[in-house]
Amino acid sequence: MTLKIYNSLTKKHEDFEPLKAGEVHMYSCGPTVYDRVHIGNLRAFLTSDLVRRTCEYLGFTVKQVMNITDIGIGGDNDEGEDKMIKGLKREDMEITLDSIKALADKYTEQFKEDILALNIKLPHTLPRASEHLTEQVKMIQELEKKGFAYAADDAIYFDTSKDENYGKLGGLTPLNESQTRVEIGGKKNPRDFALWKFNSNLGYPSPWGQGFPGWHIECSAMSQKYLGKSFDIHTGGIDLLPVHHNNEIAQSENACGCEFVRYWIHNEFVNFSGSNPEGEQAPNGARMAKSTGNTINLSDLEEKGFSPLVYRYLLLQSHYRTPTTFSWESLEASSKALSKLQRLTSEIPEDGKVDQAYRAKFVEKLENDFNTPQALAVLWTLAKDKEVRPEDKRATILDFDRVLGLGL
């Protein structure tokens, strides 16, 4: 078989063909380091880890880049408060560039600790937006030169009306009549987005004036620097698809005049069932998000006696494109299952060989768009198969764990 990936761009399962044989270049949207990431956020990073581990398991050499957003005005709303500024206010810190760096340093290290606790491999490169202003300015200048950028009183904007393919990932909310008639800030069109936002009080120098880069431009500039103008795979949460990733495509492809990314991979949300660590009952099926107040951190799991790897196992039981529901009951069931696997691999002699028939079945499931629920089913069938020597079971399960990452 060949690895098949559901491509969010084409809305089809496609055979994976990297730009360079035997190599995979992938970019994963990383965190905005103004606060600790919650376990809902962590699903996106586990998905990117699953993609990387699978490709490596299948024999590819992988280069993974993940951004660290430590500056950048905007997000989905160019008029919104920058999250780094929001973080400074929350922690009662002085609003300066030095304070932004201190906050970013703190939560970047926390982020690394959290993903390592989940046995997520650190990306090969973790570039920070604040350290790549030159690349971002250069890309904005290129867009300006090609007629895709315009200056307004409050920002330099990308002109979406100049891009006939804008929004090709889909997912955009239809604009109503009032939105199409009303200018937002200095925009010509409601969907135009900031490339550089002016700020006379705080910011960095640029050819257009002091301010900050827009949120979207950092990913385009840094992915291009480390992976080239075109690369194989881009991953991220489904919430980034409608705005952020459509904007990435627009600015990247119009700056370079080439295809940006071949395969787009988006994971679904983690929903919440039951009570949060404070005992507050969440609406059943509510999305886990800071905006809803339904958030749980890895430390909350550990305080209740659960290893972070139990949460990894829970997520692997759902296909990454399927919403999954977190509850304390489901976490308890995952804990029991993982304990069984740990006993199975610790109590058996180590001189076994990988069962090639079961490995072929495991690979078949992974090659079907990274289907971890079915891959786990193969593992449990193997665990119960009395025809396979215990030593070979152990060796085969440990081989599977190169992808599953359960720390067996």
Summing +1 per Lys or Arg and -1 per Asp or Glu among the other residues with Cβ less than 14 Å from residue 235's Cβ gives +1
A student asked for the Cα radius of gyration and Dmax of the chain in angstrom ought to give 22.6, 74
Restricting to Cα pairs under 8 Å and 6 or more apart, the percent relative contact order of the chain works out to 19 percent
Taking Cα atoms only, helix 42-57 is inclined relative to the longest principal axis of the chain by an angle, in degrees rounded to 10, of 60 degrees
With label points set 7 Å from each Cα along the Cα-to-Cβ direction at residue 353 and residue 321, the distance between them in nm comes to 3.8 nm
To the nearest 0.05, the calculated FRET efficiency linking residue 2 and residue 381 through their beta-carbon distance, R0 being 30 Å, is 0.80
Expressed in nanometres to one decimal, the distance between label points 7 Å along Cα→Cβ at residue 14 and residue 91 is 4.0 nm
Too long for a 30 Å Cα-Cα cut-off, among 187/229; 146/187; 106/336, are 106/336
Looks like the stretch 25-106, by Cα gyration tensor root eigenvalues a ≥ b ≥ c and the a/c under 1.5 rounded cutoff (else prolate when a/b is bigger than b/c, oblate otherwise), is prolate
Sparse-neighbourhood loop hits (GluC sites (Glu not before Pro), the stretch 303-356; DSSP loop; Cβ within 10 Å at most 12 others) -> 347, 350
Summed over the other residues with a beta carbon less than 12 angstrom from that of residue 163, with K and R at +1 and D and E at -1, the charge totals 0
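How high is the relative contact order of the stretch 348-403? Use alpha-carbon pairs under 8 Å, at least six apart in sequence, and give a whole percent.
55 percent
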Whole-Å distance linking the alpha carbon centroid of the stretch 199-261 with that of the stretch 92-116 is 22 Å
The local net charge around residue 207, scoring Lys/Arg +1 and Asp/Glu -1 for residues other than residue 207 whose Cβ lies under 15 Å from its Cβ, equals 0
For the stretch 123-153 the trypsin sites (Lys or Arg not before Pro) that pass both the DSSP coil test and the at-most-13 other-Cβ-within-10 Å test are 146
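If we count other beta carbons within 10 Å of each Cβ, what is the order of 339, 130, fewest first? Please report the intermediate quantities before stating the final value.
Working: 339 12, 130 20.
Ordered by Cβ neighbours within 10 Å, fewest first: 339, 130.
Each reported figure results from applying straightforward, stated rules to the coordinates on display, with no laboratory input. It should be emphasised that the depicted structure is a prediction, and the values quoted were computed from it without experimental measurement. Positions of Cβ are backbone-derived with ideal geometry, glycine not excepted, and every protein chain shown enters the neighbour counts.
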